[in-house]
1. Quick one: Ser184, Ser263, fewest Cβ neighbours within 10 Å first, how do they rank?
2. Treating only the Cβ atoms of Lys and Arg (+1) and Asp and Glu (-1) as charged, compute the dipole magnitude of segment 3-207 about its Cα centre; round to the nearest 20 debye.
3. Of Lys114/Lys257; Lys289/Lys359; Lys149/Lys341; Lys289/Lys366, which pairs sit farther than 31 Å apart, going by alpha carbon to alpha carbon?
4. For Glu204 paired with Lys121, estimate the spin-label separation in nm (one decimal), with each label point 7 Å from Cα along the Cα-to-Cβ line.
5. Among Phe55, Thr189, Val68, which residue has its Cα positioned farthest towards the positive end of the charge dipole of the chain, with +1 placed on the Cβ of Lys and Arg, -1 on the Cβ of Asp and Glu, and the dipole taken about the Cα centre?
6. For Ala91 and Leu2, compute 0.36 nm times the residue count separating them, minus their Cα-Cα distance, and round to one decimal in nm.
7. How high is the relative contact order of the chain? Use alpha-carbon pairs under 8 Å, at least six apart in sequence, and give a whole percent.
8. With a 10 Å radius around each residue's Cβ, average the other Cβ atoms per peptide and rank 124-130, 83-89, highest first.
Amino acid sequence: MLFKDMGIIAPLLKAIHKKGYEECTDIQMRSIPIILKGNDLIGCAQTGTGKTAAFGIPLLQLLGLEGVRQIEPRALILVPTRELAIQIGEALKDFSDVLSIRQLVIYGGVSQQKQVEVLRKGVDVIIATPGRLLDLYRQGHVNLKKINKLVLDEADNMLDMGFVHDIRKLLKAIPSGRQSLMFSATMPTQIRKLANEIMKSPVEINVSPVSSTVDKISQTVYFVEKKEKVALLTKFLNLEKDLQTLIFMRTKHGADKLAKDLSKKGLQVLCIHGNKSQNARQRALNSFKNREVDVLLATDIAARGIDISELPRVINFDLPEDSETYVHRIGRTGRAGKVGKALSFCSTEEKPLLLKIQKLIGFQLKVG
Ligand code: AMP
C-alpha cells in the first residue's frame with residue numbers, strides 16, 4: 001500500500017515522500033486508518049517495523065486538523081529511555097514542521113531549564129520519559145489537562161524499567177476521554193492488564209507473532225568460554241573491519257572493561273551506558289551514526305532507543321538474563337526490511353540462558 005492511498009493530507013505526504021518513504025510498512029498500513037478514525041490501538045510490534053511513523057503520522061495529522069494553537073500540549077508520547085525520546089523527536093520533526101506543530105522532547109539527566117522555557121512558550125506534542133515529566137508536572141511546569149492523544153511506546157520496556165507507577169500518576173492528570181495508543185514488542189500479562197485499565201475497546205494489531213524474531217536476521221551462536229570471548233570478538237571485528245557493529249553487554253562495568261581491552265588491541269570503539277552523561281551518550285551515538293567509529297558497545301538500557309538504519313551486525317558478547325531482551329537486542333539489525341546478522345557468544349554457564357531464548361523464539365540458533 002502506498003502512502004498516497006492512505007488518506008494522508010498533502011503537506012504530510014510531501015514530507016513522507018521527502019524522507020524517501022513510498023510504500024507503507026505492514027504496521028503503518030494497518031494502524032494508520034485505525035488511528036485516523038480516532039480508535040484506541042494496541043500494536044504488538046518490534047522496533048524496526050516502522051512503528052514510529054505508524055503512530056506519528058496519523059497522530060500529527062489529527063493534531064494538524066484540530067488546528068488550535070494553545071500553550072498546553074495536546075499529545076503525549078511516553079517512552080522508556082532518553083535515547084528513544086530523542087530518536088522519536090528526530091523521526092517526527094520533519095512531519096511536525098510541515099504542519100507547524102511544536103514538539104518538545106523531555107528527559108532527565110540534563111538541566112530542566114531549557115525544557116521549562118519551551119513549555120512556557122507552548123508546545124503541541126511532548127515526547128517524554130515518565131520520570132522527568134512527572135517531576136515537571138509536580139513542579140507545575142506542565143499542564144496535562146488538554147492532552148487528547150496518548151502514546152505508550154515500548155510499553156514492555158517501560159514496565160521492566162519500573163515506570164509503571166510514574167505512568168499511572170501521569171495518567172491521573174490526563175483527561176480520560178483521550179485517544180490512547182500502546183506499542184510493545186512483547187505482550188506479557190501485565191501489559192494486557194494495563195491496556196485494559198487505560199484503553200477503550202482498543203483494536204489490536206500484531207505485525208509479527210508475539211516474541212518472534214525478525215526473519216531477515218541470520219542468528220548464530222558461538223560456544224566460547226568467558227576468557228576466550230575477547231579474542232573471538234577481536235577476530236570477528238578484524239575480519240570485517242568496515243561492518244558497523246553494535247555489541248551488547250549486560251553490565252556497565254563489563255562494557256567499560258571490554259572497551260579498554262579492544263582499544264588495547266588497536267580497535268576503535270565507543271561505549272554507552274547508564275553511568276555516562278547524557279551528552280557523552282549522545283556524542284557517542286552521533287559518531288557511530290556518522291560512521292566515524294564502526295563499533296559501539298552498549299548495555300541494554302542505554303541501547304534501547306538506538307535506531308541506526310541499515311545496522312548490519314549485532315553481537316551479544318554475553319547473553320541477557322531476560323530472553324525478551326534478546327529479541328530487543330537483535331531487533332537493532334535487520335531494520336526496515338534490511339538483512340542483518342546477529343552473533344551471540346555463549347559460555348558454559350550461559351547455556352541455560354540460551355535454552356530460555358530458544359524456547360521463546362521457537363527455534364534453535366545456528367551454531368557457528
Ligand atoms: P521504527 O520501527 O519506527 O524504529 O523504524 C525503523 C526504520 O525504518 C527507521 O529508520 C525509519 O526511518 C524507517 N522507516 C519507517 N517507515 C518506513 C517506510 N515506510 N519506508 C522506508 N523506511 C521506513
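1. Working: Ser184 25, Ser263 12.
The fewest-first ordering by Cβ neighbours comes to Ser263, Ser184.
2. On the way: 27 positive and 21 negative charges, 152 e Å.
Roughly 740 debye, rounded to the nearest 20.
3. Lys114/Lys257; Lys289/Lys359; Lys149/Lys341
4. So the label points at Glu204 and Lys121 sit 4.3 nm apart.
5. So the residue we want is Val68.
6. On the way: separation 89, 0.36 × 89 = 32.04 nm, distance 1.93 nm.
Working it through step by step, the gained length comes to 30.1 nm.
7. On the way: 684 pairs, mean separation 68.5, N = 368.
For the chain, the relative contact order is 19 percent.
8. Those peptides, ordered most packed to least, come out 124-130, 83-89.
Quick note: the coordinates plus some simple rules give every number you see, no bench work behind them. Here the structure is a predicted model, which is why all the values come from computation and not from measurement. For neighbour counting, all protein chains shown are included, and Cβ atoms are generated from backbone atoms with ideal geometry for every residue, glycine included.
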